[in-house]
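FYI, it's all coordinate maths here, none of it is from the lab. None of these values were measured; they are calculated from a predicted model.
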Amino acid sequence: MKRAAVMLIIKDGLILGVSRPNDDTKFGLAGGKIETNETPKEAAIRETKEETSIEVAECVEIFKHKEKNDYETHCFYATKWSGEPKEVEKSKVKWLTGEELIYTKAAFGEYNKEAIKRLQEKFPDVKIKFSKSTKQSIENIKNKS
């Protein structure tokens, strides 16, 4: 089974996004493949530092997603972190609204939508910036679950 881990980092209602290596207009969360003998949490922290230079001191797993193609992704939320994001690798690093991460600049829109939904279920006081119409669609998703 292939495994990956990603990290949600939020500042002032914006989510830290990392562009795809081959398309700097499409963004996802910081993260990548889990190496042999590495836990998902260790991988998420390592990949976040490698891609953004952000140091994650504490994080919580908010969900695990299994794809039909035998691929598993663990999503973490950074509850304590430090540093300023920098473009360390080939990808761009940018603070994004929830709308950008889900719709307009999304590399993995459905996954990002699920990550934000799960984050808001576990941490209802964490605010994510959305346009009014997108806020309403997210509320509809939450109410249908």
* List the lysines whose alpha-carbon lies under 27 Å from that of Lys68, not counting same-chain residues fewer than 8 positions away? -> Lys2, Lys26, Lys33, Lys41, Lys105, Lys113, Lys117, Lys122, Lys142, Lys144
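Looking at segment 2-144, what % of its DSSP beta bridges pair antiparallel, to the nearest 5?
Restricted to segment 2-144, the bridges split so that about 75 percent are antiparallel.
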* Asked: Given 0.36 nm per residue, what is the gain on full extension from Arg20 to Glu55 after removing their alpha carbon distance, in nm?
  -> 10.5 nm
* Structure fact -> CD proxy, 222 nm, the chain: helix-only mean residue ellipticity via -39,500 (n - 2.57) per DSSP H run with n ≥ 4, per residue, nearest 500, stands at -9000 deg cm²/dmol
* Asked: How big is the shadow of the Cα convex hull of the chain, averaged over all directions, in nm²?
  -> 8.6
* Structure fact -> With 0.36 nm assigned to each residue of separation and the Cα-Cα distance removed, Val88 to Asp12 gains 25.1 nm
